Amino acid sequence: MLGENKVVRLASVLILFFSLAVILATRQGEPPSEGASTEDLLRLADQLLAGEEISFDKEGIFGGDAFNVITEREREEAKSYPPVVFREYVVRKGDNIWKIAKKFGLDWYTVLSVNRLKNANYLRPGQKLRIPNQRGVLHVVKRGETLEDIALKYDVKISHIVGANRITDPDQIKAGTELFIPNAKLTYKKRQEIVRRSNIPPTFIMPCRGRISSRFGWRLHPIYHRRMFHSGIDIVAPRGTLVYAARSGRVKFAGWLGGYGRLVVIDHGNGYETRYAHLSSILVRKGQRVRTGQPIGRVGNTGVTTGVHLHFEVRRGGKPVNPLSFLRFR
Ligand SMILES: [Zn+2]
């Protein structure tokens, strides 16, 4: 049996259905994406039955009052705005998102967003990327979303969006359209969202000032005189030079360990850790939380070394990875 409440709701749904049908009939000739579909009506009915409050503006089922969104003057302004042009870039060995962005004077999130990258870890040599000629992000227009909404969301001028995308009819932006939003300002939250969505690997700063004397990979070992895998990079610096945490985290180990000599290991979460070896002194304790750039020790030559230097490692899931592909030089 239907409760009295439900009967009332059902009746209002029917009335609503009817009135929407009338509205639809009077709006014929307009593009279907602008009007209310059966799907919208059913969703609306669902909401009503569930006792939800319905806001027509928020739902935007009438496509919003997106008419004459820009003035004549803005139209002129839009015409003189540089249009977005994409070029192709083929990923090279050793490339990462930051390197590529820097190379073209762009922000990392521009490269990510324009290419709709789901996982920034999987950039592989030979992969093709779209590179825009200006800073910004890609936005896919949602149903019922207007140019005003988009301009507000990214804190940019409507005329710039119209100009960059050479939109001929600003009153008719269809859902699903890809728009380039020039100079979009992303909030911290929004940037974090992109980072999460893209599985971006963490970045590390250089742990100390100095010259890189030996890189990651196979090399002839200077002491054992045979080919050995170098699990990190060596940075030459005077004894006593401060060594900084390459990223925030928790000290996992601080003490003497075999050939490493005096060693600090920092756990950064998500399976990443960094190691700082051959230190002359250690400035942190096991279990301590450290911030990026916090001094953790001093350069020395403890353990197996041929001279004073810092041996720096980045490990992912226990496996050494090339620190240079994670370093973000500032
Ligand atoms: Zn080394």
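Please treat every number below as a calculation from the coordinates, not as lab data. Note that this is a predicted model, so its numbers are computed, not measured. Note that we place each Cβ from the backbone using ideal geometry, even for glycine, and neighbour counts take in every protein chain shown.
Think of segment 72-198 as having a plus end and a minus end, set by charges on the Cβ of Lys, Arg, Asp and Glu; of Gln172, Ala184, Pro132, Pro132 sits farthest toward the positive end of this dipole.
For Arg73 and Ile212, the difference between the fully extended length at 0.36 nm per residue and the C-alpha to C-alpha distance is 44.5 nm. Rounded to the nearest 20 debye, the dipole size of segment 211-325 about its Cα centre is 140 debye, using +1 on the Cβ of Lys and Arg and -1 on the Cβ of Asp and Glu.
Using a cutoff of 8 angstrom between alpha carbon atoms and counting only pairs six or more residues apart, the relative contact order for segment 211-325 works out to 30 percent. The relative contact order of segment 72-198 comes to 32 percent, based on Cα pairs under 8 Å that sit 6 or more residues apart. The simple Förster model, with R0 at 41 Å and r as the Cβ-Cβ distance, assigns Leu283 and Glu148 a FRET efficiency of 0.15.
Annotation for Asp267 and Asp169: the two label points, set 7 Å from Cα along the Cα-Cβ direction, are 6.0 nm apart. For trypsin sites (Lys or Arg not before Pro), the sites in segment 228-318 that DSSP calls loop and that have at most 11 other Cβ atoms within 10 Å are Arg285, Arg291. Along segment 225-231 the Karplus relation, 6.51 cos²θ - 1.76 cosθ + 1.60 evaluated at θ = phi - 60°, assigns HN-Hα couplings of 6, 9, 5, 9, 7, 8, 7 Hz to successive residues, with x for each Gly and Pro. In a DSSP loop and with at most 12 other Cβ atoms within 10 Å, the chymotrypsin sites (Phe, Trp or Tyr not before Pro) in segment 298-329 are Phe329. A straight Cα-to-Cα reach below 20 Å connects Lys93 with the lysines Lys102, Lys103, Lys118, Lys128, Lys319, residues fewer than 8 places away in its own chain not being considered.
Between Glu193 and Leu257, the FRET efficiency from the beta-carbon distance, with R0 = 30 Å, is close to 0.15.
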